[in-house]
1. Tell me, which helices (runs of 4 or more DSSP H) wholly within the stretch A:114-167 include 2 or more residues that are farther than 29 Å from residue A:28 by Cα?
2. Any residue in the stretch A:113-124 that is under 16 Å from residue A:86 (Cα atoms) sitting within a Cβ distance under 8 Å of a residue that is part of a loop (DSSP other than H, G, I, E, B) and modelled with pLDDT of 90 or more? List the pairs, counting only those 6 or more apart or interchain.
3. Among the residues of the stretch A:294-303, is any open to solvent by 40 Å² or more (accessible area, probe 1.4 Å) and part of a loop (DSSP other than H, G, I, E, B)?
4. So, of the residues in the stretch B:37-77 that are surrounded by 12 or more Cβ atoms within 10 Å (Cβ to Cβ) and aromatic (Phe, Trp, Tyr), which turns out to be nearest to the chain's Cα centre (by Cα)?
5. Across the stretch A:72-92, what is the total count of residues that are surrounded by fewer than 24 Cβ atoms within 10 Å (Cβ to Cβ) and either within 11 Å of chain B (Cβ to nearest Cβ) or of a type in the set (Phe, Trp, Tyr) (or both)?
6. Residues of the stretch A:137-181 being closer than 22 Å to residue A:337 by Cβ, in contact with a Phe, Trp or Tyr (Cβ under 6 Å, 6 or more places away or on another chain) and among the hydrophobic types (A, V, I, L, M, F, W, C), which ones?
7. Within the stretch B:118-139, track down each residue that is in a helix (DSSP H, G or I) and surrounded by 16 or more Cβ atoms within 10 Å (Cβ to Cβ).
8. Assuming residue A:282 fulfils every condition listed in (1) within 21 Å of residue A:336 (Cα to Cα); (2) touching a residue at least 40 places away in the same chain (Cβ under 8 Å) apart from one, which condition is it?
Amino acid sequence: MRNLSLTMLATTALTAAIAVPASAESHLPITEEPLELTIHMHWPRAQGYGPGGDTSKLYPVEEVAREKTNIHLIDQTSGRNTKDNNEAMNLLLATGDLPDIVGGNLIKQPVNQYGPEGAFVPLNDLVEDHAPNIKAWFDDHPEIWDAIKAYDGNVYYIPYLPDGKYARAWFVRQDWLDALGLEAPDNVEELYDVLVAFRDQDPNGNGVQDEIPFFVRDWEEVLRLLTLWDARSTGADVYHQFYVKDGRVVHPYAQEAYRDGLANIAQWYEEGLIDPEVFTRGSSARDYLLGENLGGMTHDWFASTSGYNVALEDKVEGFNFIPFLPPKSVSGVRIEENRRIPMKPDGWAISYSNDHPVETIKYFDYWFSEEGALLANFGVEGKTWDMIDGAPVYKDEVLSSGQPVNSQMYLEGAQVYRGYPQDYRYEWQWTRDSARKGIELYDTEDLLIEQFLGVAFNKEEQEVYDRYFPSIQTYMLERQQAWILGSGDIQEDWDSYIETLNKMGYEEVLEVMNSAYERQYGG
Amino acid sequence: MSNDPNFTGAAGPATEELIFDASEARRARRPSRIQRVGDHLRREWQLYVMLIPTILWLAVFLYKPMYGLQIAFKDYSIFRGVAASPWIGFEHFQTLFGNDQFLRALKNTIIISFYGLLFGFPMPIILALMFNEILKQSFKKTAQTIVYLPHFISSVIIAGIVITAFSPSAGIVNTFLGWIGVEPIYFLTKPEWFRPIFVGTGIWQEAGFQSIVYLAAIAGVSPTLYESAVVDGASRWQMMWKITIPSILPTIIIMLIIRIGNMLEISFEMIILLYQPATYETADVVNTFIYRQGIQGGQYDLAAAAGLFNAVVAFVLVMTANTISKRYSRTSLW
């Protein structure tokens with residue numbers, strides 16, 4: 001074994017000397033002697049690098065990774081008593097005593113802000129010289145490399161890269177449609193007719209007009225209806241974000257199409273087609289309205305929403321809540337605005353105090369190799385999964401344990417927010433049939449649109465943005481809700497609305513947005 | 001009012017000492033200042049030892065954090081630290097006062113605080129007086145427990161209760177309104193309803209617990225006063241007005257001054273749970289503004305500036321209240 005690893009090391013040294021990127025496997029183990037690196041790993045499922053945050057134990061995945069790479073990660077997570085990762089990151093930065101690796105949830109903003117100030121190591125050259133797998137991945141996805149850059153043009157973290165396309169979808173009570181002799185709506189007019197029918201024709205058959213035709217859990221999901229009038233509600237996987245229109249970054253709530261779209265939403269709200277309590281119903285809306293057999297249609301996550309078909313099988317007779325294709329807009333375009341973002345602000349970075357940046361980037365690279373990615377996605381081979389016909393397949397005891405597979409993986413040390421490419425085959429294996437059918441339905445058309453992956457501001461741009469935008473957004477949302485609730489008419493108020501936005505500095509914000517955008521994406 | 005030795009007594013000895021010192025200086029050679037302090041310490045050292053824990057507490061939790069207040073005048077970077085961040089003067093304050101939404105938040109803070117004071121301050125006193133009049137002990141205990149309870153429920157739960165109670169379809173409030181033929185109102189999206197709902201919730205949650213202080217003060221009133229009043233043929237109502245209330249008045253005034261000092265510290269977590277963009281107009285207060293602008297946006301220096309401003313206003317308020325009270329009622333915090 002020792003001889004073998006020595007030979008490997010010799011090969012590594014040789015290839016490094018002649019500066020030809022070697023294939024990943026030849027790097028292993030990365031060091032001859034075990035090398036300990038400290039890590040901050042703060043993410044929603046665990047505050048600390050250990051199963052469920054218990055750092056006295058090792059993840060099974062970490063044990064295998066240690067064996068393979070000879071790199072031993074030692075937990076040094078700050079703020080382990082808080083679940084708020086922002087707070088944990090601030091604590092870490094404020095102490096100034098950074099561990100070798102800083103990882104976890106939402107690290108993009110701090111890393112890209114404090115990286116140029118010297119807190120983190122720029123990774124561009126390290127990736128170029130020592131990380132062939134990472135380099136290969138980003139060579140295939142140059143737009144994502146651009147998206148993770150800081151304002152100085154350097155990359156300071158290796159992101160967690162989710163796989164899979166769809167997030168939320170349109171769901172309708174198929175059994176209600178059947179009861180009223182209707183089809184799933186294919187365009188915005190048909191959608192209107194179906195919602196009116198749900199409101200008036202008592203599809204739940206209790207003799208009372210108590211149906212809520214369209215409901216959502218987060219009120220912002222109501223804004224997805226804007227896409228039916230060719231407007232947008234957001235440009236990214238969070239609400240109210242900028243989007244790119246004809247090569248220029250703009251805000252959806254300052255577009256003409258938004259005016260008409262929102263006017264229609266206000267109309268639908270007034271007519272009782274949209275849940276009258278949409279702003280306060282909150283996260284229990286779906287449980288309550290489906291459980292009480294009152295809700296007819298929603299826009300929500302594929303996986304969890306499909307789950308109600310099983311959960312309510314016995315409670316609501318004939319319950320059948322299934323995905324349908326997004327209705328065509330007034331101009332005949334069919335899009336699903338919400339999708340999984342291809343790059344998360346999560347992952348890991350190398351801090352300035354790390355004395356082994358080369359070994360660390362090689363270690364990061366391991367998780368992008370085929371072997372490392374399987375380990376990061378599925379856990380330890382032979383323990384949780386087997387390779388069958390060239391594909392990783394979970395063992396039966398994992399799939400049928402009654403515990404969600406992701407929760408099991410989190411305890412194994414797989415699907416942790418390290419920088420790695422996620423593999424959708426992991427999720428597909430435990431996706432319910434009804435959701436799979438929906439995903440296949442959505443796959444029949446090209447519904448997804450490009451996401452705006454954000455920009456990294458330099459100091460001056462950040463100042464302009466901070467000075468103006470928070471107030472602008474507050475104003476936009478105030479007006480938006482007021483219009484939906486019927487206090488004020490958007491068509492009448494529009495000119496003064498735009499005028500106020502401009503007075504509040506909307507143009508200045510657009511300017512810095514676009515200068516940052518052009519710098520980052522070479523527009 | 002002067003029957004409370006804690007407040008009037010404190011000033012007494014100091015004055016006497018001064019007079020004593022002055023006359024002594026005239027009479028003979030004056031002991032040096034250091035000598036006098038030394039004598040004093042030797043004589044009263046036990047008192048100073050007892051003071052140490054409090055001084056430590058103040059130093060660690062109140063004075064040390066004040067060091068960080070300087071970031072209100074700095075371009076603060078967490079990584080560079082407080083000391084290494086560059087000074088920028090009053091820029092953050094200019095940003096704040098140039099922002100209409102901050103001014104609106106300031107206005108809302110003052111209005112909501114004022115309502116809170118106007119309606120919220122007398123409630124615990126009234127409650128305490130009412131409890132005091134209950135004769136049956138078991139009923140008194142039960143009633144007290146019931147009014148204390150909301151204080152121990154987390155704000156998230158309270159907000160959930162409020163949202164449900166004011167729901168247009170299933171809420172108890174709209175159900176009642178329905179009986180008298182009023183159309184359901186979507187209260188929590190109406191700016192004009194936010195303040196009454198918020199202030200009312202606050203009273204419901206805290207009045208019971210706050211009444212404890214007054215109950216304690218009432219318990220301290222000498223029974224002989226009531227006994228002689230009974231002999232004189234006073235009614236219960238007269239006893240309340242002529243004995244109970246005057247006796248607890250110093251407590252009431254001290255609580256009022258403290259309350260005025262905390263006036264601007266509205267329980268903003270409750271506001272965050274209850275407000276909507278649609279109600280920002282009346283609901284957005286300085287703390288929620290700071291939360292949205294500063295903490296969520298990572299502008300800690302700006303948030304510190306707004307917080308400092310809040311603290312200065314609170315300081316002025318408490319000073320004013322104290323001075324007024326000192327002048328007119330001779331009861332004061334210091």
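The values are calculated or read from the model by the stated rules, or taken from the named source; none is laboratory data. Keep in mind it's a predicted model, so treat the numbers as computed, not measured. Glycine also receives a Cβ, built like all others from the backbone with ideal geometry; neighbour counts cover every protein chain displayed. These area figures cover heavy atoms from the full protein model, side chains too; ligands, DNA and RNA do not enter into them. Shrake-Rupley method; radii C 1.70, N 1.55, O 1.52, S 1.80 Å.
1. Hits in the stretch A:114-167: A:142-148.
2. Cβ pairs passing all conditions: A:113/A:150.
3. no
4. So the residue we want is B:73.
5. 5
6. Result: A:169, A:170, A:171, A:172.
7. B:120, B:123, B:124, B:125, B:127, B:128, B:129, B:131, B:132
8. (1)
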